Each structure stands twice: as structure tokens, then as C-alpha cells.
Amino acid sequence: MDSFVSLIQAAVVFGTVIMFGAVGETLTEKSGNLNLGVPGIMYLGAIASLTSTFFYENAVENPSMIVCVIIALVCGVAASMLGGLVYSFLTITLRANQNVSGLALSIFGSGVANFFGGSLNKLAGGVGQISVATTSAAFRMQIPVLSKLGIVGKIFFSYGFMMYLAIVIAIVMQYFLSRSRAGLNLRAVGENPATADAAGINVVRNKYLATCIGAGISGLGGIYYVMDYIKGTWANDGSIEKLGWLAVALVIFTRWKPKNAIWGSYLFGLMYWLYFYIAGLTRSSQELFKMLPYVVTIIVLILVSMRKKREDQPPQSLGLAYFREER
């Protein structure tokens, strides 16, 4: 039973990181922008939150948990949205290739983050010496009473506040895209920007807002990773990049529906960590288990393509630049 509970907890924490990335990218793609820079955006959010709180905690004798959380969230989201703004300028205003721009953003984000992460390691006295203990403790603080309710408490309430925030954002995003007028306008832009433009919808504004806000949401995944997942430190092992690509895969797996990202992300986490709880596996077998989320995504993509249901397909203008003069 303890192994089962540990597996569920590992799946939830792992899944929360990619849920933020997937929900943010879903919003972006609904506007017709294919942002493959999710890993870089998560990197930017992670390093901005870690750097800002590192200097705050070292400058103040008794740092406040509330201030630490605010600084981490504001700086992390701002850096991520800045990355989204750069991508938007390149692909919407300059009409650069979206695939190339996204990949360039991923490389840029990881390079910037690892440079500053290495610098922080040196300032802290060596690799693994970075400590933002107060901030990390605030992010990992569990619900006082409910987390003590035996197995139920361990499975459902033994997490920091950002796990529940991810679920709330996914639900709100689902409502926004399917029920609100602004969300329906955004979907119209993603399906046929020329028609949306003719109907009086501001295509450029919708694309900019969706891409920048989506980047900010994806950046929350990077913040959660450094503050909760690895407990307020920095590691140059490329883990954020792997999780970023898993988030992109999760968008396809969920068929561009944010509500599906809730259970889909936890399923990805379950499949990814399953090998750790199966005795007798060789290293090669463990690597095969780590492939499961990607294999399942490919299978889902094939099945969705075969069914040809319109509601399960990506936006028709996804990845295509909009030229208003050709309308």
C-alpha cells in the first residue's frame, strides 16, 4: 500500500509540472500559434523565480513566506510572458516561421537559464548549494488538517498550493474556451483568422494575448518544478526540457481540451514513474517505461486522425501566419 501511495504522489507532482505547460500551450494553439518553445518558457520561469527569491532571502534576515511566494510568482510569470512576447513579435508581427521560432526560443531559454543557474551555483558556494529554503517551504506547505487523514490525506491533500492551482486553471480555461464570448472569438481566430477578421474580431490582439498569457501559464510549470519538485535548487540535467516536450505531447493527447489535461497529466506521471516501483527491471527496461507517455500520445494521434471528428482536431490555421492583405 505504501508503494501505491508513493506512486500516486509521484505521478501527481510530476503531472502538475506538465499540466501547467499543456494548459498554457493549449490556449496558445487555440489562437492558431504553434509555440514549440514551451521548454524554454518553463526554463525562463524557473530561473527567474529562483534567482529573484535567492537574492531576496540572502538580503533579508527573516524572509517572509508570503513575500517569497509573491516574488517567485511575479518574476517567474513575467519572464515567461516576456518569452511569449518575443515569440509573438517574431511570428505575428514579423510572420517568421512558427516552428523555427519556437525551437529557437527553447534553445534560448535553456541557455539563459543554465547560464544564470551556473552563476547562482558559484555564488552559493558550489553545485547543489543553492538554498531558497523559505520559498520552497512555502510552496510545499500542505493543508494542515486534511493532509493528516491517513491514506486519503496522503493521496489528495499532501501537496503544495500550486497543485490545486493547476486544476483550477485547467477548469477555468475549459470554461473560457467553450462558454465565454472571448474564448469563442479566440477559437474563431484559430480556425479561420480571415473570417474572424471580417466579423470584426481583432486577430492580432487575440493572438498576442493568447500567446503571452499561455506562456505565463506554462511558466508556472517551471516555477513549480524548482520550488516544489526539486525543493528550491537548480540542476543542469535537462529535466525541465524533457518535461516541456511532454507538455507539448500532452496537448495532443488531450485533444486540445484543458479539462483532459487534469487526468492526462497524472496518467503521464503514472506511466513515467511506474518503472521505479516494479522490482527486477534492468536499466534498458526502465528506459522503455519512460517512453510510454510518448508512445501513448502517438497512438492517440493515430486514432484521432482515423476518427476524423472535427472537435478532436487541432485548429485549422495552427502554425500558419495570417496575412491580412490576402483576405
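The values are calculated or read from the model by the stated rules, or taken from the named source; none is laboratory data. Just so we're clear, the structure is a prediction, and the values are computed from it rather than from any experiment. Neighbour counts run over all protein chains shown; Cβ positions are idealised from the backbone, glycine included. Surface areas here come from the heavy atoms of the whole protein model, side chains and all, with no ligands, DNA or RNA. Shrake-Rupley method; radii C 1.70, N 1.55, O 1.52, S 1.80 Å.
Things worth noting here:
- Accessible surface of the chain, 1.4 Å probe, proportion on carbon and sulfur as whole %: 67 percent
- Only protein heavy atoms count here; on that basis, with a 1.4 Å probe, Asp237 has an accessible area of about 90 Å².
- Accessible area per residue in Å² at 1.4 Å probe, computed on the chain: 46 Å²
- Whole-Hz couplings from phi, Karplus 6.51/-1.76/1.60, listed for segment 168-173; x for Gly and Pro: 4, 4, 5, 5, 4, 5
- FRET efficiency for Lys148 and Gln313, using Cβ-Cβ distance with R0 set to 45 Å, rounded to 0.05: 0.45
- Dipole moment magnitude, nearest 20 debye, segment 218-270 about Cα centre, only Lys, Arg, Asp, Glu C-beta charged: 280 debye
- 24 Å Cα-Cα reach of Lys30 towards lysines, excluding residues that sit fewer than 8 places from it in its own chain: Lys207, Lys242, Lys257, Lys259, Lys308, Lys309
- Coupling constants for segment 80-92 follow from the phi torsions by the Karplus curve (6.51 cos²θ - 1.76 cosθ + 1.60, θ = phi - 60°), and in residue order they are 5, 5, 5, x, x, 5, 4, 4, 4, 4, 5, 8, 8 Hz; glycine and proline get x.
- Computed packing ranks the peptides 83-95, 143-155, 42-54 as 42-54, 83-95, 143-155, most packed first, by mean other Cβ atoms within 10 Å.
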